[in-house]
Amino acid sequence: MDESQLNQLDAQQRVDQIHAFESELTQLQHAGVIALSTEQQQSVSQYHKQLLAELAQQFDVDTSLQSKHLTLGMKIASLFGALAMAVSLFFLFYQFWGYLSTSIQVGILVITPIALFCAAIKLAENESHSYFAKIAGLVAYAGFVLNLMLLGQIFNLTPSPNAFLIWSLFAFILAYAINARVLLFFAIVNVCGFIAMKVGTWSGMYWISFGERPENFIIPSIIPFLVPNFINQRAFSGFATMYRVLSLVIFFLVVLILSNWGAVSYFNYDNDIVEGVYQLVGFAVSALIIWLGVRKEWPGVMQTGNVFFVLFLYTKFFDWWWDWMPKYVFFFVLGLCALLALMVFKRIRNFAKHTGASA
């Protein structure tokens, strides 16, 4: 792949590929399978050294195992720092809010998210991993949500699902501006909630009661999965995976709920029939998702399908056997099923290995 088309995730994968190649080349030379001349070894080593330096300078990737561990720690620290700062902002507003006049309150509510938004953009321009930018961005989003709620209280506005759409738009803009997946998560959740609320109101319920019918989330759960197919996400690390995996999680959670509590469905049929239909849907769609993830080489999609296929299977076992089977027998049978699944996966893995070798 052309280096000009790489994003940070692709660059890190290229670095890992180089290290794996160097390790395998060393093993091949020790086994006597291949022998490179001194000039060839120097040429390969010089090329990799120059490429690693370019990737490190352009994308700030981790070129050693120690730096990868430190990067993971920095990501965790930045996430907790952002959450802590957002909560701090929330309590700060409520601690002193009653002492301020209405005009000062409105001014603070308008200026705060704008200032934090600009700070996040500026920080993103000056750092490659955008740790501090993501902290500022998440605090800006939290401030924007809080400020919109407080403005509604100040001017006695009627609560509306449109607030979720506004929060989602703000999170989308900020997520793409600073390349932050955590903000994309909030954006997708908010827009799915907004669509679910609208679907609920179209069916005749009050918008706050949208959660009483999980099927309200089926349509909004499908839309994010299709976004990467129509809008190229290559410039943003992990955005396509976030769209697909979060979409599947919402969809499967809805199906999992309805497969166990058919009474909350829109369909006016016997609960056993509704639950049975959704159980079949869960098994069929999760198996399809596993196949699609393997075919398209989407590991996150494949793993999500695997997790929910197992969940549907185990909940079905629970329905069948929990009430009449001794508990030690029940868990023993679950263990046997796990071993059976392991054997099946092993056979499939071996078949894939032999197919790949013959190809």
Cβ charges +1 (Lys, Arg) and -1 (Asp, Glu), total dipole of the stretch 215-317, debye: 500 debye
Across LEU36, LEU256, LEU148, the residue with the highest GNM fluctuation in the chain (Cα network, 10 Å cutoff) is LEU36
Chain lengthening between TYR99 and ASN232 when straightened (0.36 nm per residue, less Cα-Cα): 43.0 nm
Relative packing of 218-224, 16-22, which averages over residues the other C-beta atoms within 10 Å, highest first: 218-224, 16-22
I'd like the FRET efficiency for GLU39 and GLN13, computed as 1/(1 + (r/R0)^6) with the beta carbon distance as r and R0 of 30 Å, rounded to 0.05. 0.55
Stretched fully, the stretch from ALA163 through LEU79 gains (0.36 nm per residue minus C-alpha distance, one decimal, in nm) 27.8 nm
Once you have a ≥ b ≥ c as the square roots of the Cα gyration tensor eigenvalues for the chain, tell me rounded if a/c is under 1.5, and otherwise prolate or oblate according to whether a/b is larger than b/c. oblate
What is the packing order of peptides 44-56, 94-106, 179-191, taking the mean over residues of other C-beta atoms within 10 Å and listing the highest first? 179-191, 44-56, 94-106
Relative to the Cα centre, what is the charge dipole magnitude of the chain, using +1 at the beta carbon of each Lys and Arg, -1 at the beta carbon of each Asp and Glu, and rounding to the nearest 20 debye? 260 debye
I want to check the label-to-label distance for LEU25 and HIS48. Put each point 7 Å from Cα in the C-beta direction and report it in nm to one decimal. 0.5 nm
For the chain, what is the number of Lys pairs with C-alpha distance below 19 angstrom, counting only pairs 8 or more positions apart or on separate chains? 6
How large is the translational diffusion coefficient of the stretch 1-63 in µm² per second when you combine the Kirkwood radius over alpha carbon pairs with Stokes-Einstein at 25 °C and 0.890 mPa s? 194 µm²/s
Roughly how big is the stretch 132-270's charge dipole about its Cα centre, with Cβ charges of +1 (Lys, Arg) and -1 (Asp, Glu), in debye to the nearest 20? 440 debye
Expressed in nm to one decimal, what extension gain is obtained for the pair TRP202 and LEU340 from 0.36 nm per residue of sequence separation less their Cα-Cα distance? 45.1 nm
Signed unit charges on C-beta, dipole axis of the chain, positive-most listed residue VAL33, ILE173, GLY107: VAL33
Which order do peptides 305-311, 208-214, 229-235, 171-177 fall in by mean Cβ count within 10 Å, highest first? 171-177, 305-311, 208-214, 229-235
Paramagnetic label zone (point 7 Å from Cα along Cα-to-C-beta, VAL249; backbone N under 13 Å) in the stretch 183-210: 183-190
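Values quoted throughout were computed directly from the atomic coordinates according to the rules given, and no laboratory measurement underlies them. As the structure is a computational prediction, the values presented were derived from the model and not from experiment. Neighbour counts are summed over all protein chains in view; Cβ atoms, including those assigned to glycine, are modelled from backbone coordinates with ideal geometry.
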